[in-house]
1. Just to be sure before I move on: is Ile55 over 23 Å from Arg9 (Cα atoms) and either in a helix (DSSP H, G or I) or open to solvent by 70 Å² or more (accessible area, probe 1.4 Å) (or both) in the structure I sent?
2. For Gln39, only one of the following conditions fails: (1) more than 30 Å from Ile62 (Cβ to Cβ); (2) assigned to a helix (DSSP H, G or I); (3) in contact with a helix residue (DSSP H, G or I) (Cβ under 8 Å, 6 or more places away or on another chain). What is its number?
3. Quick check on Val30: is it in contact with a Ser or Thr (Cβ under 7 Å, 6 or more places away or on another chain) and surrounded by 12 or more Cβ atoms within 10 Å (Cβ to Cβ)?
4. For region 15-29, what are the residues that are part of a helix (DSSP H, G or I) and under 25 Å from Lys52 (Cα atoms)?
Amino acid sequence: MANKIEINRDELMRRVAEEARRYPGQEREVFEFYTKNEQALAQLRAPLYEDKVLISFSKWLISMTLK
């Protein structure tokens with residue numbers, strides 16, 4: 001099972017926007033914090049990547065089960 005799993009910029013920016021909405025009145029500051037801080041951005045990227053890995057694995061497992 002060799003899949004190239006990537007997080008594109010749109011997915012990451014949606015996640016940044018979701019995080020910013022968690023702080024009403026400070027959305028702009030939170031958005032800027034994540035977009036200007038690569039380490040903080042990596043903290044948002046990791047769960048997106050993990051979700052994609054799990055989805056990919058689940059699809060593979062289902063395909064193996066159906067064979």
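The values are calculated or read from the model by the stated rules, or taken from the named source; none is laboratory data. All figures in this text were calculated on a predicted structure; none of them were measured in a lab. Using ideal geometry, Cβ is built from the backbone for each residue, glycine included, and neighbour counts are taken over all protein chains shown. The protein model used for the area step is the full one, side chains on, heavy atoms only, and it has no ligands, DNA or RNA in it. Shrake-Rupley method; radii C 1.70, N 1.55, O 1.52, S 1.80 Å.
1. No: the conditions fail for Ile55.
2. (3)
3. No, not satisfied.
4. Matches in region 15-29: Arg15, Val16, Ala17, Glu18, Glu19, Ala20, Arg21.
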